[in-house]
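J.: Just dropping this structure here.
The values are calculated or read from the model by the stated rules, or taken from the named source; none is laboratory data. Keep in mind the model is a prediction, meaning the values are calculated, not measured. Quick reminder, even Gly has a Cβ in these numbers, built from the backbone with ideal geometry, and neighbours come from all protein chains shown.
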Amino acid sequence: MERREFIKTTGLIGGAYALAGQPLMANALSPTETRWLDGPMRWAQLAFVERDPGHYDPDFWLSYFKRIHADGALLSAGGVVAFYPTNIPLHHRSDYLGNTDTLGYLVEGCKKQGIKIMLRTDPHAARQNVYDAHPDWIAVNVDGTKRRHWANPDLWVTCSLGPYNFEFMPQVNKEIMERFQPEGIFSNRWAGHDICYCEHCTRNFKAATGLALPQKIERLDPTYRKWADWRTKRLREVWALWDAGIRQQRPASRFIPNGFPDKIVTGKEADLFFADQQARRGLMAPWANGKGAKELRSTLGMKPLIGIFSVGIEEEYRWKDSVQSDAEIRIWVAEGTANGMRPCFVKFGGDIYDKRWMEAVAKVYEGYHKNEKYLCNTASMARVGVVYSEQTDRNYGGKPWQQKSSDHLDGIYQTLVESRIPFDMVNDRLLTPDDLKRFKLLILPNIAALSDSQCAQLQAFVNGGGSLMATFETSLYDEEGNQRPDFGLANLFGVSYAGKVEGPMRNSYLHLRHDAKNSQSQAILKGLDGTPRIINAIHKVDVKPTATFPSPVTLIPTYPDLPMEDVYPRVAETDTRELYLRQVGKGRVAYIPGDLDRSFWQLLNVDHGQLLSNVIHWTLDEAPIAAVTGPGVIDVNVWRQANSMTVHLVNLTNPMMMKGPFRELIPVDAQVSVQVPKGAKVTGVKLLMSGQKPKFESKNGKVSVSVPKVLDHEIVALDLA
């Protein structure tokens, strides 16, 4: 199936669109007109600075775009600065533009190379003449002062929810579309910064809710939550307005926002999307780029997802003309690509001080171009889904044991990467049978806030033969964050809430009850032989079992850790279970009352990781679609294409895995066994990035191949008949 055919059969393009209650333009375009949406596979972004006109060499960049086989270009056009001869009053034309058209020259050159064009605007800041003409367009602080720009005090910050975006920017969009006819407009920092107290926001929020604006950002404050909902609706109106205006000029074109506060809306309304996940900062795992891709993919499906990555350092102090190490760039891009994103490098400024990044990007892009057909994915083959919850993020976290709640998800993510289990993310508002039919196992890492209907959907998933694993306070709160008397999923867990959460628990342990004759005990305690105990999690929910359970893991309560003479257990062991395992019909359910996933992320204790991995494997109750053995840390993703399937191996083995940048790439070898789809025949196996055609063995529906070297990214491709 060609990419154009995939779009047609899945209905990603076409039909009427509704946004903020307003119907968008009906899309009755031909496949030829809409084909560009799923066309470009390698993007280049050049973010102009004001002095670029006359100072930079556009032909240098056109030559580089050609060398790396870029087929999409994202170029700065207007907003805070116009890089073409604009005719719109107050639209600041670059002081260096003279009689030239910097943008026009580059657009023309790109189109001659067959490169599709997305033009970038930035409406978040304005100059003094805008302030003088329309002071009400400027954002206002809580103390009533107009908001100066935090990085450039010569500028003013605009209000994203007022006339600047609703009246001025549509004129800019229209002029850009008329003049350059791009495939779309991508808008940076379009959604505003913090709460604005301008006259428009004050009046409109009051009219919508009857309330005054909240005085500060306090996530669980009811007024702030109403403001967040109102802001989301207002931004949807901006999106609808801009998109409709753009399509009026060119029906095949689209507006693409840089981020949106609701991933469900993003997945529904966007026909393609640019994910602005540029690089690591601080203490961050390199798989964070893949995690962001998985979350967006959960709502976008197989619509084109482009991953913007920076060639510079993205730390707090924003050295925008800096250069990352080759190894760091390659791993970040590999994580995005392995998780279904198409790469888009961004370079700030047309002048180039440091060219060291260019070879790394060129090598990656050239490899992806050579193997393009194997990157045109039609479906993920993952059978494990990890649920993430935007409503839990919004409505949960006020109590001491609920802090750092995102660590639960990160702990599960790290466990799955270390376990080399292919998985996808699942948005908790997309739990219908159709959404979940491809999964065997759902993991809920403290998905605390779930509605009754969501709990019913999860119950139906298990009733239909699916398996489920959950931790800590999952389902103890409704969708608004109100605590229930019992878990919403109590019937699945086989336990009831006993009224409290314990912790932090100092010097507490998990007792491991090994039983060589019990296969379940052996599976759960695999790799933990030789020890009767491991450290406990930091917090635990007290629960009462309502069914009969095995006891492979039980509680050793807290005992003194000082003075040293008193460090001994007062209770050797208990019958309090810290892991509840059930067979429910054809599915399995595992509930962990402790915050074992969060504790693993915070401590990275090897025993915690082993126990979590064992529970996941037991609950899954089937072999992963791809099994990968060998040394190191390898992120594994499996995809289907029209006439092939691919196993992506991203080598994260590195002392700098948790704190960039990577200094070097450390190669590992791997043995890969892949389950072949029923009815398909493997006609050949390739290692795409190294260009090898290895020997392979096909037996009992599985193909086994040895990969002698994974440096950063290797793709095992199986050609299928």
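J.: Taking region 210-254 only, how many residues are in a helix (DSSP H, G or I), within 18 Å of residue 187 (Cβ to Cβ) and among the polar types (S, T, N, Q)?
T.: 3
J.: Here is a follow-up. For a quick check of your reading: which helices (runs of 4 or more DSSP H) sit entirely within region 86-191 and have at least 1 residues that are modelled with pLDDT of 95 or more, farther than 20 Å from residue 232 by Cα and among the basic types (Lys, Arg)?
T.: Qualifying helices (runs of 4 or more DSSP H): 102-112, 169-180.
J.: Continuing with the same structure: How many residues does region 706-721 hold that are farther than 22 Å from residue 339 by Cα and touching an Asp or Glu at 6+ places or on another chain (Cβ under 8 Å)?
T.: Within region 706-721, residues that are farther than 22 Å from residue 339 by Cα and touching an Asp or Glu at 6+ places or on another chain (Cβ under 8 Å) number 2.
J.: Are there any pairs, at least 6 apart or on different chains, whose C-beta atoms fall under 9 Å, with the first in region 561-574 and among the small types (Gly, Ala, Ser) and the second modelled with pLDDT of 95 or more, and if so, which?
T.: Hits for this filter: 572/511; 572/556.
J.: I've got another one for you. Name the one entry in 671, 675, 692, 641 that is in contact with a helix residue (DSSP H, G or I) (Cβ under 9 Å, 6 or more places away or on another chain) and of a type in the set (S, T, N, Q).
T.: The unique qualifying residue is 641.
J.: Looking at region 501-516, can you tell me whether even one residue there is hydrophobic (A, V, I, L, M, F, W, C) and exposed (fewer than 14 other Cβ atoms within 10 Å of the Cβ)?
T.: Yes, some residue in region 501-516 is hydrophobic (A, V, I, L, M, F, W, C) and exposed (fewer than 14 other Cβ atoms within 10 Å of the Cβ).
J.: Let me ask something else. What tally of residues in region 597-650 results from selecting those that are in a helix (DSSP H, G or I), of a type in the set (Val, Ile, Thr) and surrounded by fewer than 21 Cβ atoms within 10 Å (Cβ to Cβ)? Before you say what the answer is, go through the steps one by one.
T.: Initial filter on region 597-650 (in a helix (DSSP H, G or I)): 597-603, 606-620.
If we keep only those that are of a type in the set (Val, Ile, Thr) too, we end up with 606, 615-616, 619.
From the residues that got through so far, the ones that are surrounded by fewer than 21 Cβ atoms within 10 Å (Cβ to Cβ) too are 606.
Of the residues in region 597-650, 1 are in a helix (DSSP H, G or I), of a type in the set (Val, Ile, Thr) and surrounded by fewer than 21 Cβ atoms within 10 Å (Cβ to Cβ).
J.: Considering only region 522-538, state which residues are modelled with pLDDT of 95 or more and among the small types (Gly, Ala, Ser).
T.: Answer for region 522-538, where residues must be modelled with pLDDT of 95 or more and among the small types (Gly, Ala, Ser): 523, 527, 537.
J.: What number of residues within region 458-495 are in contact with a Pro (Cβ under 8 Å, 6 or more places away or on another chain) and surrounded by fewer than 22 Cβ atoms within 10 Å (Cβ to Cβ)?
T.: Residues in region 458-495 being in contact with a Pro (Cβ under 8 Å, 6 or more places away or on another chain) and surrounded by fewer than 22 Cβ atoms within 10 Å (Cβ to Cβ): 3 in total.
J.: Continuing with the same structure: Of all residues being more than 21 Å from residue 160 (Cβ to Cβ) and among the hydrophobic types (A, V, I, L, M, F, W, C) in region 80-122, which is surrounded by the fewest Cβ atoms within 10 Å (Cβ to Cβ)? Just the residue, please.
T.: This residue is 97.
J.: Continuing with the same structure: For the subset of region 273-290 comprising residues that are aliphatic (A, V, I, L, M) and more than 10 Å from the chain's Cα centre (by Cα), which member is nearest to residue 417 (Cα to Cα)?
T.: 285
J.: From 631, 694, which residue is over 22 Å from the mean Cα position of the chain (by Cα), closer than 15 Å to residue 417 by Cα and at pLDDT 95 or above?
T.: Testing whether each residue is over 22 Å from the mean Cα position of the chain (by Cα), closer than 15 Å to residue 417 by Cα and at pLDDT 95 or above leaves just 631.
J.: Just to be sure, is residue 47 modelled with pLDDT of 50 or more, crowded, with 17+ Cβ neighbours inside 10 Å and farther than 19 Å from residue 375 by Cβ?
T.: It is true that residue 47 is modelled with pLDDT of 50 or more, crowded, with 17+ Cβ neighbours inside 10 Å and farther than 19 Å from residue 375 by Cβ.
J.: Any residue in region 599-617 that is assigned by TED's automatic domain parsing to the domain that holds residue 541 sitting within a Cβ distance under 6 Å of a residue that is β-branched (Val, Ile, Thr) and part of a helix (DSSP H, G or I)? List the pairs, counting only those 6 or more apart or interchain.
T.: 609/415; 612/415; 613/415; 614/524
J.: Something else about it: Of the residues in region 267-285, how many are part of a helix (DSSP H, G or I) and among the basic types (Lys, Arg)?
T.: Just the residues of region 267-285 that are part of a helix (DSSP H, G or I), to begin with: 267-269.
Checking the rest, the ones that are also among the basic types (Lys, Arg) come to 268.
Summing the residues that are part of a helix (DSSP H, G or I) and among the basic types (Lys, Arg) in region 267-285 gives 1.
J.: Does residue 208 satisfy being among the hydrophobic types (A, V, I, L, M, F, W, C), assigned by TED's automatic domain parsing to the domain that holds residue 167 and under 13 Å from residue 234 (Cα atoms)? Before you say what the answer is, go through the steps one by one.
T.: Numbers: among the hydrophobic types (A, V, I, L, M, F, W, C): yes; assigned by TED's automatic domain parsing to the domain that holds residue 167: yes; under 13 Å from residue 234 (Cα atoms): yes.
Yes.
J.: Suppose we filter 680, 670 for residues that are assigned to a loop (DSSP other than H, G, I, E, B) and hydrophobic (A, V, I, L, M, F, W, C); which single one remains?
T.: Working: 670 fails: assigned to a loop (DSSP other than H, G, I, E, B).
It is 680.
J.: What tally of residues in region 289-332 results from selecting those that are in contact with a helix residue (DSSP H, G or I) (Cβ under 8 Å, 6 or more places away or on another chain), of a type in the set (A, V, I, L, M, F, W, C) and without any contact (Cβ under 8 Å) to a residue 60 or more places away in the chain?
T.: 9
J.: Answer yes or no: is there a residue in region 4-13 that is at pLDDT below 55 and loosely packed, with under 12 Cβ neighbours inside 10 Å.
T.: To start, the set of residues in region 4-13 that are at pLDDT below 55 comprises 4-13.
The next check asks that each one be loosely packed, with under 12 Cβ neighbours inside 10 Å; those that pass are 9, 11.
Yes: one or more hits.
J.: If I filter region 114-137 down to residues being within 32 Å of the chain's Cα centre (by Cα) and hydrophobic (A, V, I, L, M, F, W, C), which single residue comes out as farthest from residue 274 (Cα to Cα)?
T.: Taking the candidates together, the pick is 126.
J.: Next question. For residues that are in contact with a helix residue (DSSP H, G or I) (Cβ under 7 Å, 6 or more places away or on another chain) and over 16 Å from residue 45 (Cβ atoms), tally how many sit in region 338-358.
T.: Number of matching residues: 3.
J.: May I pose another question? What number of residues within region 309-351 are part of a helix (DSSP H, G or I) and acidic (Asp, Glu)?
T.: Keep residues of region 309-351 that are part of a helix (DSSP H, G or I), which gives 326-338.
Applying the additional criterion that residues be acidic (Asp, Glu) yields 326, 328, 335.
So the count comes out to 3.
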